[in-house]
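This report concerns only the one structure given below.
The values are calculated or read from the model by the stated rules, or taken from the named source; none is laboratory data. Not measured: the values here are computed from a predicted model. Here the Cβ is made from the backbone with ideal geometry for all residues, glycine too, and neighbour counts use every protein chain on show. When the accessible area is computed, the model is the full protein with side chains, heavy atoms only, and any ligands, DNA or RNA have been set aside. Shrake-Rupley method; radii C 1.70, N 1.55, O 1.52, S 1.80 Å.
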Amino acid sequence: MRAEGTTPGGLTLLGEAACRYQAGEVWPEDLPMIAAEALAAGLDTPTLCELAGRPRHDDARDLRDAFEQALSESGIRLPGRGRARRHALRRAAARLLDGDVTAADLATGDWAETAAETAAEQSFVALLPPCACCIAYTLGLDQTAWEVRLRAAALALTSSPPTAPGC
């Protein structure tokens, strides 16, 4: 069910934000601007308007509640955290290939917790050390070879078809 007066652009923007929100890539203080962008894209619900007018540093719980209510009013369901993280993994691989992040930037402790299901996802996650300090410890002098292998795994992941619809 679509909210009255919606456009695919506004729904797409808000749907992608919902996925990034579930993946932990969106902070509560970003939610009012996301709401404003969805309004500018043509999506219009009462709570979305309210959220767009809230200050960035409003109570985080209130911002999250309003965002989730705006999603509901727009007919958008929050994806499961696992699915959202899998999409985040795909976005991270694309950002690496686009040069928006370095291989070292992807070395964080939380990728290992992603429930990688496909071979391409598993290959990419397996190459990500749990933290930046572990790069030197686990890779030693072979960091260049690791970066080449990580880029190849990123290309395989971004080239593979998504296993689930979403952001």
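Calculate, in nm to one decimal, what S159 and E68 gain on full extension: separation in residues at 0.36 nm each, minus their alpha carbon distance.
On the way: separation 91, 0.36 × 91 = 32.76 nm, distance 3.18 nm.
Gain in length upon complete extension: 29.6 nm.
Write down Rg/Rh for the chain, rounded to two decimals, with Rg from the C-alpha atoms and Rh from the Kirkwood relation over Cα pairs.
Values: Rg = 18.1 Å, Rh = 17.2 Å.
Over the Cα atoms of the chain, Rg/Rh equals 1.05.
Can you give the accessible area of S74 in Å² (nearest 10), computed on protein heavy atoms with a 1.4 Å probe?
0
Just to verify a number: what accessible area does L150 come out at with the full protein assembly present, 1.4 Å probe, Å² rounded to tens?
Counting only protein heavy atoms, L150 exposes about 0 Å² to solvent.
Any idea of the accessible area per residue across the chain, 1.4 Å probe, to the nearest Å²? Walk me through the numbers on the way to the answer.
Numbers: 9000 Å² over 167 residues.
Accessible area per residue, the chain: 54 Å².
Work out the length of the dipole vector of the chain about its Cα centre, built from +1 on the beta-carbon of each Lys and Arg and -1 on the beta-carbon of each Asp and Glu, and round it to the nearest 20 debye. Working shown, then result.
Working: 16 positive and 23 negative charges, 108 e Å.
Charge dipole, the chain, about its Cα centre: 520 debye, nearest 20.
When all protein chains stay in place, what accessible area (Å², nearest 10, 1.4 Å probe) is found for D59?
Here the residue's solvent-accessible area equals roughly 80 Å².
Give me the one-decimal Kirkwood hydrodynamic radius in Å for the stretch 58-152, with the sum taken over alpha-carbon pairs. The partial results should precede the final answer.
Working: mean 1/r = 0.0657 Å⁻¹.
Value: 15.2 Å, from the Cα pair sum.
Against the longest alpha carbon principal axis of the chain, how many degrees, from 0 to 90 and to the nearest 10, is the axis of helix 8-22 turned?
So the helix axis and the longest Cα principal axis differ by about 60 degrees.
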